[in-house]
Amino acid sequence: MTPSRLWNKNFILSFSISLMGSLVFYMLLTSMAAYAVISFGAGQAAAGFASSSFVLGAVVSRVPAGKYLDF
């Protein structure tokens, strides 16, 4: 049995898609609180709540998304 290579086309494609998704998430996360303060005139606490609720929603949504990922 010949060992398969790790850095094949599918691995690089999966890694790139995962990297882009994570990059978009973290860029949105860091700018969301500042956007809420500037655009909506929200206070620091409300902007922090909006940002933390986004993170909580992303974490909670991973549970059912993992179930349907196999389909």
Determine whether residue 6 is of a type outside the set (Asp, Glu) and assigned to a loop (DSSP other than H, G, I, E, B).
yes
Residue 22 fails exactly one of the following numbered conditions: (1) open to solvent by less than 80 Å² (accessible area, probe 1.4 Å); (2) of a type in the set (S, T, N, Q); (3) assigned to a loop (DSSP other than H, G, I, E, B). What is the number of that condition?
(3)
Counting only residues that are surrounded by 12 or more Cβ atoms within 10 Å (Cβ to Cβ), under 16 Å from residue 30 (Cβ atoms) and of a type in the set (Gly, Ala, Ser), region 44-67 contains a total of 6
Restricting attention to region 35-42, does a residue exist that is in contact with a helix residue (DSSP H, G or I) (Cβ under 7 Å, 6 or more places away or on another chain) and either in a helix (DSSP H, G or I) or of a type outside the set (A, V, I, L, M) (or both)?
yes
For region 48-71, how many residues meet the condition of being of a type in the set (A, V, I, L, M) and either modelled with pLDDT of 90 or more or not in a helix (DSSP H, G or I) (or both)?
3
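The values are calculated or read from the model by the stated rules, or taken from the named source; none is laboratory data. Keep in mind that what you see is a predicted model, and the values were worked out from it rather than measured. So basically every Cβ, Gly included, is an ideal-geometry build from the backbone, and we count neighbours across all protein chains shown. Please note that ligands, DNA and RNA were not included when accessible areas were found on the heavy atoms of the full protein model with its side chains. Shrake-Rupley method; radii C 1.70, N 1.55, O 1.52, S 1.80 Å.
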